[in-house]
Amino acid sequence: ARARQIDDEVERARLYREAQEIIHRDVPIVPLVYTQKMIAHRNAFGPLTVEPVTHTLLRLVETPVDGRLTFVRGTDSVKLDPATVTDGESSKVVEQIYDNLIRFAPGTATIEPALATAWTRSDDGRTWTFTIREGVTFHDGTPLDAAAVVNAFERQRDPSHPHHFEEHQYAYWLDLFAFVEKVEVGEVPMTVVFRCSDPAPPFFLQELAVFAMGIPSPAALDEHGAEFARNPVGTGPFRFVRWTPDTEIVLERNEGYWDGAPQLKEVIFQPTENATVRAERLLAGEADLIDNLDPLSIPRLKGE
């Protein structure tokens, strides 16, 4: 916990080594899981970029222009409220609907501006100020402003917030942002201030790029309440159209996207549990993109 709060890389490394020694002494077995993200897609679609949390960035697909992409994945999503999502099948859809203050530059773990155009930190690392991008609109037509950004974070932090729905858990906030005491509108228009009890960790900005920190529409949260998780509204490159449970989720291009409208016109997410069947659907032209490949199918897929 101390290592997460300090900027000194040498001291941080020492603390992590100390933690490893404690684990080695006290725990006989430490299970580790590491997977390599593998996707397959039809040659007509590309190039495809996968960001560090292993989501495919469909906003960057260049061809075909005005195309429809069918993404066949393992199961249906659970919910599409970024603040409460914890499963991969939900987060890969959330990634397309919402923007964050900061995002990862394509193909890297380097951060770049998104809904925030600039940011500064106080000398003690306890106060961070973000300048919010002008002229951005949510999919429901309401404008993005500093208050909307504050709402996105305060609803996670404050259990008494009207958009902090009791039946949901805010796991990513609890795990990553326990040091944040308050998020509020700054004195300068279109600025948002994070006030922290301790210096923010060195990777604070990267944490803000995680899908769970997507910015939802306050108006849509007011309208749908806890059902917002099935009626998502963000500012992202694709807007939500419909969700037929266990059948498909349909998104369409956000024509007014602040970073330029995507080339793809429509994206359809469909569940197919069996990995071999997903590969067969790709080979048959029923799918354009699949993930979590069956290793035995890879030679056939490469051949196509």
Quiz item: Once phi is turned into ³J(HN,Hα) by the Karplus curve 6.51 cos²θ - 1.76 cosθ + 1.60 with θ = phi - 60°, what whole-Hz value does each residue of segment 234-248 show in order, with x for glycine and proline?
Solution: x, 10, x, x, 10, 9, 6, 10, 7, 9, 9, x, 6, 10, 6
Quiz item: Under a plain spin-label model, where a point goes 7 Å from the Cα along Cα-to-Cβ, how far apart in nm are LYS37 and LYS265?
Solution: 2.8 nm
Practice problem: Among MET38, MET190, MET213, determine the one that fluctuates most according to a GNM of the chain built with springs between C-alpha atoms less than 10 Å apart. | Solution: MET38
Quiz item: On full extension of the chain, what length is gained from ASP8 through ALA219, given 0.36 nm per residue of separation minus the C-alpha to C-alpha distance?
Solution: 71.7 nm
Quiz item: Of ALA148, ILE298, ILE132, whose Cα points farthest to the positive end of the dipole of the chain (charges on the beta-carbon: +1 Lys, Arg; -1 Asp, Glu; origin at the Cα centre)?
Solution: ILE298
Quiz item: Using a 1.4 Å probe, how large is the accessible area of ILE22, given in Å² and rounded to the nearest 10?
Solution: 70 Å²
Quiz item: With all protein chains present, how much of the accessible area of segment 152-232 (probe radius 1.4 Å) comes from carbon and sulfur, to the nearest whole percent?
Solution: 50 percent
Quiz item: Ranked from the most accessible area to the least, with a 1.4 Å probe and all protein chains present, what is the order of ASP198, ASP81, ASP246, ASP123?
Solution: ASP123, ASP246, ASP198, ASP81
Quiz prompt | Pairs of Cα atoms farther than 20 Å apart, segment 217-304, % | solution = 52 percent
Quiz prompt | Listed residue (VAL233, ALA261, ASN274) projecting farthest to the positive dipole end of segment 221-280, Cβ model | solution = ALA261
Quiz item: Which residues' amide hydrogens lie under 5 Å from the amide hydrogen of ARG103, considering only partners 5 or more residues apart or on another chain, with H built in the peptide plane?
Solution: GLU112, ALA114
Quiz item: Given Cα pairs under 8 Å that are at least 6 residues apart, what percent is the relative contact order of segment 168-221?
Solution: 27 percent
Self-check item: Calculated P(r) tail over 15 Å for segment 86-138, as whole % of Cα pairs
Solution: 62 percent
Quiz item: Sorting ASP7, ASP158 by accessible area (1.4 Å probe), largest first, what list results?
Solution: ASP7, ASP158
Quiz item: Per the Debye formula with a single identical scatterer at each Cα and no solvent contribution, what log10 I(q)/I(0) holds for segment 258-297 at q = 0.24 Å⁻¹?
Solution: -0.79
Quiz item: Non-local amide H neighbours of THR137 (under 5 Å, H modeled in plane, Pro and chain starts lacking H): which ones?
Solution: LEU144
Quiz item: Carbon-plus-sulfur fraction of the accessible area of segment 1-125, 1.4 Å probe, in percent?
Solution: 55 percent
Quiz item: Any number yet on Rg/Rh for segment 30-124, C-alpha, Kirkwood?
Solution: 1.01
Self-check item: Inter-centroid distance (Cα atoms) of segment 57-76 relative to segment 194-220, Å
Solution: 27 Å
Quiz item: How far is it, in nm, from the label point at SER197 to the one at THR276 when both lie 7 Å from their Cα along the line to the Cβ?
Solution: 5.3 nm
Exercise. Could you do me a favour and compute the accessible area per residue for the chain, 1.4 Å probe, result in Å²?
Key: 49 Å²
Quiz item: When the Cα atoms of segment 155-304 are enclosed in a convex hull and the volume is divided per residue, what value in Å³ results?
Solution: 190 Å³
Quiz item: For segment 207-246, what value does the Rg/Rh ratio take when both radii are computed over Cα atoms and Rh is the Kirkwood radius, given to two decimals?
Solution: 0.98
Exercise. Filter the GluC sites (Glu not before Pro) in segment 199-287 to those in DSSP coil with at most 10 other Cβ atoms within 10 Å of their Cβ, and list the result.
Key: GLU255, GLU273
Practice problem: Calculate the spin-label point distance for THR137 paired with LEU48, positioning each point 7 Å from the Cα along the beta-carbon direction, and give it in nanometres. | Solution: 3.2 nm
Quiz item: Assuming R0 = 35 Å, what is the FRET efficiency of THR247 and LEU296, from their Cβ-Cβ distance, to the nearest 0.05?
Solution: 0.80
Exercise. Please label the shape of segment 10-168 as rounded, prolate or oblate, based on the square roots a ≥ b ≥ c of the eigenvalues of the alpha-carbon gyration tensor (a/c under 1.5 means rounded; beyond that, a/b larger than b/c means prolate, else oblate).
Key: oblate
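The values are calculated or read from the model by the stated rules, or taken from the named source; none is laboratory data. Because the structure is a prediction, the values reported are computed rather than measured. In this analysis, Cβ positions are derived from the backbone assuming ideal geometry, glycine residues included, and neighbour counts consider all displayed protein chains. When the accessible area is computed, the model is the full protein with side chains, heavy atoms only, and any ligands, DNA or RNA have been set aside. Shrake-Rupley method; radii C 1.70, N 1.55, O 1.52, S 1.80 Å.
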